[in-house]
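What follows is a short report on a single structure.
Read-outs throughout are calculated quantities, based only on the coordinates presented, and are distinct from any laboratory measurement. These figures come from a predicted structure and were not determined experimentally. Cβ coordinates were reconstructed from backbone atoms using ideal geometry, including for glycine residues, and neighbour counts include every protein chain displayed.
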Amino acid sequence: MARYTDPVCRLCRAEGIKLFLKGERCNSNKCALTRRNYRPGQHGQARVKPTEYGIRLREKQKARRFYGIGERQFSGYYEVATRKVGVTGEALLQILEGRLDNVVVRLGFAASRPQARQMVKHGHFQLERNGIKRRVDIPSFRVRTGDVLTVAEGSKDFVKNIVAAGTAARVPNWLTADHEQLVGKVLSVPTREEIDSPIKEQLIVEYYSR
């Protein structure tokens with residue numbers, strides 16, 4: 001997918017919500033959204049009444065940027081969600097939450113999704129499934145119930161420093177993490193109540209259903 005290389009703080013300002021793309025900086029007074037709580041650009045402070053289409057588009061863009069996913073890949077995830085039994089919006093969020101880079105953040109092994117994506121690509125993690133352990137370097141790899149994530153031996157000091165910084169969020173109930181041994185396990189598929197993403201998934205469904 002095309003890689004976004006512009007300042008990521010502009011994305012938070014564009015969506016009007018913290019997307020936590022800069023790790024510790026997002027929780028400090030240096031956060032761009034805290035300092036300039038209006039849209040970026042020349043007309044960022046102008047009052048604009050959003051249309052119904054615009055509201056749905058912004059929600060879709062917010063979800064893409066929150067999880068760090070390109071347009072084509074996000075559309076593909078939505079198509080997969082429509083084929084699942086149950087509520088399409090919830091199924092979409094479950095797919096997004098099941099990405100390996102997101103799981104790394106949820107376990108507290110990375111301070112942000114961009115950092116988690118880079119760490120996965122650099123081979124810092126191993127995944128054990130059905131008794132077979134292997135190194136996984138694909139951020140979009142989807143985990144399953146029962147998978148065990150471990151930190152590679154040569155990367156443990158680096159990950160321990162991230163954990164010690166205390167910038168990570170609380171580990172959700174569908175995961176369990178041992179920050180001493182640097183081991184995480186997927187206990188179940190997350191329910192909507194266990195997903196704390198600031199996403200209104202119904203608006204995304206309405207956007208693609210137009």
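Protection proxy ranking for 140-146, 191-197, 48-54, using the average of other Cβ atoms within 10 Å per residue and placing the highest first: 140-146, 191-197, 48-54. Provide, for q = 0.25, 0.26, 0.27, 0.28 Å⁻¹, the log10 of I(q)/I(0) from a solvent-free Debye sum over equal Cα point scatterers in the range 61-118. Result of the Debye calculation: -1.01, -1.05, -1.09, -1.13.
Summing charges over all other residues whose Cβ lies under 14 Å from the Cβ of residue 93, with Lys and Arg as +1 and Asp and Glu as -1, gives +2. Here the range 58-138 is treated with +1 on each Lys and Arg Cβ and -1 on each Asp and Glu Cβ, and its dipole about the Cα centre works out to around 160 debye.
Shape class for the range 99-189: rounded, because the ratio a/c of the largest to smallest gyration tensor axis (alpha-carbon atoms, square roots of eigenvalues) is under 1.5.
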